[in-house]
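Q: My questions all concern the structure below.
The values are calculated or read from the model by the stated rules, or taken from the named source; none is laboratory data. What you are looking at is a predicted structure, and each value in this text was computed from that prediction instead of being measured. Using ideal geometry, Cβ is built from the backbone for each residue, glycine included, and neighbour counts are taken over all protein chains shown. Remember, those area values only see protein heavy atoms, side chains included, never the ligands or the DNA or RNA. Shrake-Rupley method; radii C 1.70, N 1.55, O 1.52, S 1.80 Å.
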Amino acid sequence: MGPSPKLPVVYVRGYAGNTAGIDKAVTDPFYGFNEGSTHIRVGPDDVPGFYQFESPLLRLHLDEGYQILVDGGQDLYLASHATIEPDSIWIHRFYDASADTWGTSARGFRLETAAQDLLKLIETLKEKSGAPGVHLVAHSMGGLVCRCLIQKVLPDLGLDPADYVGKFFTYGTPHGGISFDVGLGLLERLRDITGINGADVFGPERMYEYLTPKALFDPDGPPRAWDARVMPQDGPFSFPLERIFCLVGTDPTDYEVAYGLSAAAVGPRSDGLVQIDNAYVPGAYQAYVHRSHSGSYGLVNSEEGYQNLRRFLFGDRKTEAALVGARLPQRGDTTWQAEVRLSVRALQIATHERTSAQWCPIQLQDTAAVSGTPPDGTADGEACVPLVTTFLNSGLRAGGSGTLRYALHLRILSLHRRDGLLSFNDHLEQVADFDDILIIDIGTDPAMPAISAGWNSEITGRISDYVPDRRTLVDENPAPGVWVNHVELPATADPILGKDARIRLTVTPWN
């Protein structure tokens, strides 16, 4: 198991709006990928301190050795050099032709044209770098440009997108379009009918047009059950979902576009522009972080976004955690939710958070049912609730440490109802019925992950002083390249989750 190969990274920015917004976008040499941020943290003795994030562009340069190649322009650099290094960063400047700052007539923006131009850039990068493909990193509408390439442009040419794209990472992309909490659908209909500033690209009719290959296109429009988020896996040119990662924002309050009117219209269960349920491709990897769509506290210029991006592109371990065998008390007046938070040692941020306070807990009502083939170590009929998938890089472990360590914070909460309404008679706000943290250590030997895991409630002293038990967990899966073990929950969870509930840990190579 080695590190992931270095492929050219192509950044595809999001929606710029009207001509004035496009003109502003094209004045930025890196289309926003170079924007950093400065946040204030509380330091020792309550003294405020600044936390700086340099930008994903600079961090890929510093951390991964990626080159930023410009010679009066990246297109000029490509034209004047016969070869380029594969570990390089490129900006798909698809808005340049639609700006009117050059003294010539601007070309009207069309998403399909941007996708076709992206293919030309990728073909040039493949030819001059010798790389088998590129990694696509996209913000907002940029992810839809990439999906148009993957789902329509390449299949229409009889080309396999897997031969052009290595991995595909999206920040806050409206995979399911943009919808609003207000207006009862009227705002969406007006947008789609008028196509104002090209915003109809976020409505179902236009999305169906640029996400559907000719062979499957119905001129009468999308079928009733069509879901824009879905990337079909049953066609000859389907792109594997395991190559896709969607970063979902959960902070609408810091999205300041239109003086906060956008966030108010879209609703609290969003990043201020894209609702949480529309921000991912079903079946793709996901992480939820408390960041807004853009701005000072945006997804792209955040440490949370960068650390997920870096480990997905260049990590060498994929780790999964799922709750299996849970038997929650079945009462008609009670529903159950799980909250998870994932922290990786040596990082100053949580890389994944799904909490009720941020409008995205995991619903546990259906734990009694299991669909598909039971996973290793899971009996027929046992519930299996995926909690989190994350990526680790053995080259980034803390100095002197022999393991990769991360923590999975798990909380189980109950909500009580009376006559269909929430009842608060015996409620303690934000107090969980079960609350504990699983500390997981993964060895760096590629042949044997050598996992250890212990619950915080059973660890004496500081977690930083904790040394994993020398008796490593036993691999329950005899197949090579897959390591599986089930960790029992503390006894305090038995009355809530049942005696058979446990956490299934799975570790596989990733590159």
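Q: Can you work out ³J(HN,Hα) from phi for every residue in region 146-151, in order, using Karplus 6.51 cos²θ - 1.76 cosθ + 1.60 and θ = phi - 60°, giving whole Hz and x for Gly and Pro?
A: 5, 5, 4, 4, 6, 9
Q: Given charges of +1 on the Cβ of Lys and Arg and -1 on the Cβ of Asp and Glu, with all other atoms neutral, how large is the dipole of the chain about its Cα centre, in debye to the nearest 20?
A: Numbers: 43 positive and 64 negative charges, 71 e Å.
Value, rounded to 20: 340 debye.
Q: Apply the Kirkwood formula to region 168-287: the hydrodynamic radius equals the inverse of the mean of 1/r over all pairs of different alpha-carbon atoms; give it in Å with one decimal. Intermediate results must be reported in sequence, preceding the final value.
A: Working: mean 1/r = 0.0652 Å⁻¹.
15.3 Å is the Kirkwood radius here.
Q: Residues of region 247-266 with the amide nitrogen closer than 20 Å to a label point 7 Å from the Cα of Lys24, along Cα-to-Cβ, please.
A: Zone members listed by number: 252-266.
Q: Just add up the charged neighbours of Ala407: K/R +1, D/E -1, any other residue whose Cβ is under 9 Å from the Cβ of Ala407. Please report the intermediate quantities before stating the final value.
A: Numbers: positive: Arg341, Arg345, Arg405; negative: none.
Summing Lys and Arg as +1 and Asp and Glu as -1 gives +3.
Q: Work from the charge dipole of the chain (Cβ charges, +1 for Lys and Arg, -1 for Asp and Glu, about the Cα centre) and give the residue of Ile193, Leu422, Ala432 farthest towards its positive end.
A: Comparing the listed Cα positions along the dipole, Ile193 ranks first.
Q: If we sort 422-430, 328-336, 23-31 on the protection proxy, mean other Cβ atoms within 10 Å, highest first, what's the order? All intermediate terms of the calculation are to be shown ahead of the outcome.
A: Details: 422-430: 9.0, 328-336: 13.6, 23-31: 16.8.
Final packing ranking: 23-31, 328-336, 422-430.
Q: I'd like the antiparallel share, as a percent to the nearest 5, of DSSP beta bridges with both residues in the chain. Kindly include the intermediate steps, with their values, before the conclusion.
A: Values: 62 of 86 bridges.
Within the chain, antiparallel bridges account for around 70 percent of the total.
Q: Which one is right for this structure if Rg and Dmax of the Cα atoms in Å is calculated from it: (i) 22.2, 67; (ii) 23.7, 73; (iii) 22.6, 71?
A: Derived directly from the coordinates: (ii).
Q: Here is a follow-up. Could you sort the peptides 473-482, 303-312 by per-residue average Cβ neighbour count (10 Å cutoff), highest mean leading?
A: Numbers: 473-482: 12.7, 303-312: 23.1.
Taking the mean over residues of other Cβ atoms within 10 Å, the ranking is 303-312, 473-482.
Q: Please list log₁₀ I(q)/I(0) at q = 0.16 Å⁻¹ for region 13-94, using the Debye equation with identical point scatterers on the alpha-carbon positions.
A: Cα-only, vacuum Debye calculation for region 13-94: -0.77.
Q: How much solvent-accessible surface does Ser80 expose, in Å² to the nearest 10, with a 1.4 Å probe and all protein chains in place?
A: Only protein atoms counted, so the area is about 70 Å².
Q: Additional query: Whole-Hz Karplus ³J(HN,Hα) for region 75-90, in order, using 6.51 cos²θ - 1.76 cosθ + 1.60 and θ = phi - 60°, x for Gly and Pro?
A: My calculation for region 75-90 gives 5, 5, 4, 4, 5, 9, 10, 6, 9, 9, 7, x, 7, 9, 10, 10 Hz in order.
Q: Can I ask one more? Just name one of Ile459, Asn477, Thr492: the one whose Cα is farthest towards the positive end of the charge dipole of region 414-511 (beta-carbon charges, Lys/Arg +1, Asp/Glu -1).
A: About the Cα centre, the residue reaching furthest to the positive side is Asn477.
Q: Find the centroid of the Cα atoms in region 1-40 and in region 244-268, then give the distance between the two in whole Å.
A: 18
Q: Right, next: Tell me, what is the per residue accessible area of the chain in Å², probe radius 1.4 Å?
A: Numbers: 23240 Å² over 511 residues.
With all protein chains present, the chain gives 45 Å² per residue.
Q: Add -39500 (n - 2.57) for each DSSP H run of 4 or more in the chain, then divide by its residues: what number comes out at 222 nm, to the nearest 500 deg cm²/dmol? The partial results should precede the final answer.
A: Values: 10 runs with 90 residues, N = 511.
After summing the helix terms and dividing by residue count, I get -5000 deg cm²/dmol.
Q: Return a whole-number percent for the relative contact order of region 1-314, with Cα pairs under 8 Å and 6 or more residues apart as the contact set.
A: Details: 600 pairs, mean separation 58.4, N = 314.
Normalised by residue count, the contact order of region 1-314 is 19 percent.
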